[in-house]
Amino acid sequence: MKKGFDGARDRHGDLLPELSASASKMKYEKLVNAPLPTFDKDYPGSPFFMELGYFMLRRTIYSQFRTFEVTGTEKIPTDRGSMCSAWHTNGLVDPVTIFLSHPKKFVVGGRHDLVTRPILGFWARKFAVQPVVRMAELLRGGCSEEEANYLNGRSLLNLATGISHGFGCALFPEGTSHSESHLIRLKTGPFRTVLAAAAHAKANGRTAPVLIPIGLHFRTRHLFRTDAWIEYGEPIELPHDELPQELIDKVGSGDWMEPPADLVTGLRDQLQEKLAPMTPNRDTFSEVHRDGVIAHMKRKMQNKPELTWREEVLEVRRMKSQPESQEIQNIATRVGDKLDEAGLDGRDINSSCDGLKGVSVPGTTVNLLKLIPFLALLPILVLSMGWQIALGRILGDKTDEGLDARTSYHMLFGMFGSMLWWPILATILTIITAVFNSDIDAELGIDLMAMFGGEIWQQSISFVAVWCIMIFSFWLSATCFASGWDAVADFKRWRSRSKTNPLVREDIVKLRDLLN
């Protein structure tokens, strides 16, 4: 039996999530002593480390995706706090994409081991992350029910207070990251928290927060340089007039109290109704691939530009309520499954819809141009990013947390590895440059340590300038690696199309004729 999986079920009879090695290690004392957020500043945690963290997350997450589109942010009210809720299929990448696309800073809650892990725990504490003990840990004896209730009550109260003060917050009502093609059963944590936030706001004369459903759409979530669309839905107003006075008084005075169960379940059902269509909302991903093939073929047959990722998601969503005939669905399913097995999708069907795409001269030219800086800077990339890329890939593939955690490792090693290693490497290389400066000058005719003059203070400035150039070259090599990887991925897709074309060509022609 897989480690961390014991067949345990919750009171609803649903299987509890498998516990990773990290999640199974409950360090209760450290959790109780985790820093609490502050609400009288613009940042609930450390201003310096939060700004630094946001900066590094932006650089990392945007490199991770080939296209990254955000819509609906104009719907977010800026005069109050907001609770963001989405389905959860991509580990730490899910909350990070929300943090970076939302206009406000966040009070953060998360699985307990985020606070106690090495390196990541340091940053979690600087962000004042509030740890939450899930039922999966509680029922497996990670701590007593009394300890879990105390810790969760304190965490939810802090999150509610932060939301009441106007911060954002993101909690995932499914309670765990998963690999399904639809929502799984929603837990009540986010709804209890945001109702408590509404009570706190009402007690202190503030505007009640809102609950925002968010669609997180990743073309292939676990692949580097996939496509992403972050979709903010219409905010849900809270039933603040129905909040009991006892809840308002209790939470307003700084004590946790559970909101009425009927309000919690009513809000949960309201979110589920809005959030379900913002997921693939299919029984299997095979159905998603099927409808993606149909959507792309229809677009090609109309001689229109290729669907963007957002447009494809919307077309597949529309086809849920307007399905094609069973014969069309059967053939499209065969095509979609074979394409998916080969790492392809509906985009790979050619414009005449009689097979898969061949070589594109313009596309090949663009990819060759991408490869030139990538190859030119490859030695710098290996030096500055080699071990981060290797470890992120190895540990991401071996993680016991499932395929949905793979990109979390890619992101964390890319970000923390660069932050820790680049300054050290730049310092070492700059010292070597200073030591061998005379040899470099004799060989190349460039006195790097005297760029700004021969005085000591001028040489010091030169030293700092060389150090900054080193950091810039590391960043440039990483950026060129991302675009160069697109060229490599496109070449792999072409090879895969060549092998797969004989397997799907006949069905594609049949599908085209039926759609006509």
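Using only Cα coordinates, the Kirkwood hydrodynamic radius of the stretch 318-452 works out to 20.5 Å. Per residue, the average separation of C-alpha pairs within less than 8 Å and at least 6 apart gives the chain a relative contact order of 16 percent.
The Cα-based radius of gyration and maximum Cα-Cα distance (Dmax) for the stretch 176-329 are 20.2, 63 Å.
To the nearest Å, what is the center-to-center distance of the stretch 424-451 and the stretch 70-127, using C-alpha atoms only? Here the two parts' Cα centres lie 43 Å apart. Label zone (Asp255, point 7 Å along Cα-to-C-beta; backbone nitrogen cut-off 16 Å) within the stretch 181-208: 200. Annotation: the residues Val361, Val133, sorted from fewest to most other C-beta atoms within 10 Å of their own C-beta, follow the order Val361, Val133.
Need the full-extension length gain, Glu273 to Lys320, defined as separation in residues times 0.36 nm minus the C-alpha distance. One decimal, nm. Could the numbers behind the result be given before it?
Working: separation 47, 0.36 × 47 = 16.92 nm, distance 1.49 nm.
In short, 15.4 nm is gained.
Taking each residue as 0.36 nm, the span from Leu503 to Glu74 lengthens on full extension beyond its C-alpha to C-alpha distance by 149.9 nm. Pairs of Lys residues in the stretch 27-180 are counted when their Cα atoms are under 16 angstrom apart and they lie 8 or more places apart or on different chains; the count is 6. The lysines whose alpha-carbon is closer than 17 Å to the alpha-carbon of Lys187, local same-chain residues fewer than 8 away aside, are Lys274.
In a fully extended conformation the segment linking Leu425 and Lys104 would gain 112.1 nm over its present Cα-Cα distance, using 0.36 nm per residue. Farthest towards the positive end of the charge dipole of the chain, among the residues Ser462, Pro37, Leu157, is the Cα of Ser462, using unit charges on the Cβ of Lys, Arg, Asp and Glu.
For every other residue with a beta carbon closer than 14 angstrom to the beta carbon of Met50, add +1 if it is Lys or Arg and -1 if Asp or Glu, then tell me the sum.
Values: positive: Lys41, Arg58, Lys104, Lys105, Arg125, Lys126; negative: Asp42, Glu51.
Neighbour charge sum, excluding Met50 itself: +4.
Could you calculate the FRET efficiency of Ser351 with Ser181 from 1/(1 + (r/R0)^6), where r is the beta carbon distance between them and R0 is 25 Å, rounded to 0.05? Let's see the in-between values first.
On the way: r = 29 Å, r/R0 = 1.16.
My answer for the efficiency is 0.30.
Spacing of the modelled spin labels on Gln329 and Trp457, each 7 Å from Cα toward Cβ, amounts to 7.8 nm. With the convex hull drawn around the C-alpha atoms of the stretch 66-278, the volume per residue stands at 125 Å³. Computed on the chain, the Cα convex hull volume stands at 190 Å³ per residue. Within the shell defined by Cβ-Cβ distances under 9 Å, the residues around Leu186 carry a net charge of +1, with Lys and Arg each +1 and Asp and Glu each -1.
Within 10 Å of each residue's Cβ, count the other Cβ atoms and sort Met449, Met56, Met278 from fewest upward. Write out the running numbers ahead of the final one.
On the way: Met449 23, Met56 16, Met278 20.
With the sparsest Cβ surroundings first, the list reads Met56, Met278, Met449.
Helix screen, the chain: DSSP H segments with Cα axial length of 15 Å or more and mean Kyte-Doolittle hydropathy at least -1.0 are 47-64, 145-164, 189-203, 261-275, 285-301, 326-341, 361-376, 378-398, 406-435, 456-515.
Only helical DSSP H runs with n ≥ 4 go in: add -39500 (n - 2.57) per run for the chain, normalise by residue count and round the 222 nm mean residue ellipticity to 500 deg cm²/dmol. Before the final figure, lay out each step's value.
On the way: 17 runs with 282 residues, N = 516.
It lands at -18000 deg cm²/dmol.
The modelled label-to-label distance for the pair Arg58/Ile372, using points 7 Å beyond Cα in the direction of Cβ, is 3.0 nm. Between the residues Thr265, Pro239, Ile98, the greatest Cα displacement towards the positive end of the dipole of the stretch 66-278, with unit charges on the Cβ of Lys, Arg, Asp and Glu, is found for Ile98. Taking 8 Å as the Cα distance limit and 6 or more residues as the minimum spacing, I'd like the relative contact order of the stretch 285-349 as a percentage. Contact order relative to length: 55 percent. Label positions at Leu515 and Arg495, each projected 7 Å from the Cα along the C-beta direction, are separated by 2.9 nm.
Taken together, the values in this text are just the output of simple stated rules run on the coordinates, not laboratory data. Worth saying up front: this structure is predicted, and the values here are computed from it rather than measured. Every residue, glycine among them, receives a Cβ derived from its backbone with ideal geometry; neighbour counts consider all protein chains shown.
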